[in-house]
1. When only residues in the range 208-254 that are out of contact with any Pro (no Cβ under 7 Å at 6 or more places or on another chain) and more than 29 Å from Phe127 (Cβ to Cβ) count, which is modelled with the lowest pLDDT?
2. If the Cβ limit is 6 Å and pairs must be 6+ apart or interchain, which residue in the range 117-143 that is under 25 Å from Phe194 (Cα atoms) pairs with which residue that is of a type in the set (Ser, Thr, Tyr) and assigned to a strand (DSSP E or B)?
3. Tell me, which residue of the range 130-141 that is assigned to a strand (DSSP E or B) and open to solvent by 10 Å² or more (accessible area, probe 1.4 Å) is nearest to Ser92 (Cα to Cα)?
4. Identify the residue in the range 35-80 that is on the phi < 0 side of the Ramachandran plot and among the basic types (Lys, Arg) and, among all such residues, is surrounded by the fewest Cβ atoms within 10 Å (Cβ to Cβ).
5. Pairs under 6 Å by beta carbon, first residue under 12 Å from Ser113 (Cβ atoms) in the range 173-185, partner of a type in the set (A, V, I, L, M, F, W, C) and part of a strand (DSSP E or B), six or more apart or different chains?
6. Quick one: how many residues across the range 209-235 are touching an Asp or Glu at 6+ places or on another chain (Cβ under 8 Å) and either without any contact (Cβ under 8 Å) to a residue 24 or more places away in the chain or of a type in the set (Phe, Trp, Tyr) (or both)?
7. Limited to the range 83-116, what total is found for residues that are open to solvent by less than 20 Å² (accessible area, probe 1.4 Å), over 29 Å from Pro152 (Cα atoms) and hydroxyl-bearing (Ser, Thr, Tyr)?
8. I need a count of the residues in the range 113-134 that are of a type in the set (Lys, Arg) and in contact with a Cys (Cβ under 9 Å, 6 or more places away or on another chain).
Amino acid sequence: MYDSSRHNPTPGPVGAMSARAVLSSAPGPRGSSHIQTLRSDGPLVLRKSNPKGPEPLTQRRPDVARVALAAGTAGPLGGDDYALDVRVGAGSTLVLQEVSAMLVLPGLGGATSHMSITVRVEAGATFVWLAEPIIAAHRCNHRHDVRIALAPDARMILREEILLGRHGEAAGDFASRLRITRGDAALYDQQIDFGPARDGWDGAAVLDRNRAVGSVIAVDPDWTDTPPPAQPYHATAALTPLAGPGVAIGAVAPDSLSLRHLLMRGVNELGPPWAI
């Protein structure tokens, strides 16, 4: 459940919004899974859902728990503070979908917006999170923090996509950190920081002319002894094994459609049951 003591921000500017949402799954009869907790707050709307499209691992099975996250209002805007807490109960399978892209907008006085996501995937559980893009609109200032704790025998696939500015628009400021632990050990920890307030992010060594960047993290205990090999399968995309039973697929592209194609091509390189 959500623990408010972990996340107690200082009051934002007048008109800023604070929203909390809680989601958990549990095993059901005959190997099925069901939603145990589904609580939304204001701009974060959680609803039970059906398969949205092709799914790695779960392959659109009807016996898994599926939830869609939608925005109840525009934003987040500068000064807004959102938090989502997810628990995938032991032995259950949860697919988290998103209805549309998240458009991060500026607020009054350049205040920072914040999104904090905490995920716990318990023993024998499977978590599939196919996030839609986060769009950092011009003049926004946003921090995105995701923490995922996996049990040693849990499986997971997570997609992240970031678009720096809307079509024909200059990028806003966007900072993100994704931290994944497995058992008591760190598995993956990446920070990115883009936008006009930072130096060098649009240079040839980072994004160059690309404005879309993303990753897919896949974790499977079956890879403990033989992880998939490193594979630079495109000039701007590569699959890299992690120091643990997982892989990181990273790509940059000029636009959202090209980025999605590169990332899912990397997922298909993993073969069944990941390929879609």
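1. Among those that are out of contact with any Pro (no Cβ under 7 Å at 6 or more places or on another chain) and more than 29 Å from Phe127 (Cβ to Cβ), it is Asp208.
2. His142/Ser113
3. Taking the range 130-141 first, the residues assigned to a strand (DSSP E or B) are 130, 134-136, 141.
Filter once more, keeping what is open to solvent by 10 Å² or more (accessible area, probe 1.4 Å): 130, 134-135, 141.
Working: Leu130: 17, Ile134: 28, Ile135: 31, Asn141: 36 Å.
Top of the filtered list is Leu130.
4. The residue in question is Lys48.
5. Close Cβ pairs satisfying both conditions: Phe174/Ala136; Phe174/Phe194.
6. 1
7. Qualifying residue count, the range 83-116: 1.
8. Pass one, the range 113-134, residues of a type in the set (Lys, Arg): 120.
Remaining after also requiring in contact with a Cys (Cβ under 9 Å, 6 or more places away or on another chain): none.
Counting residues in the range 113-134 that are of a type in the set (Lys, Arg) and in contact with a Cys (Cβ under 9 Å, 6 or more places away or on another chain) gives 0.
The values are calculated or read from the model by the stated rules, or taken from the named source; none is laboratory data. All figures in this text were calculated on a predicted structure; none of them were measured in a lab. Glycine also receives a Cβ, built like all others from the backbone with ideal geometry; neighbour counts cover every protein chain displayed. When the accessible area is computed, the model is the full protein with side chains, heavy atoms only, and any ligands, DNA or RNA have been set aside. Shrake-Rupley method; radii C 1.70, N 1.55, O 1.52, S 1.80 Å.
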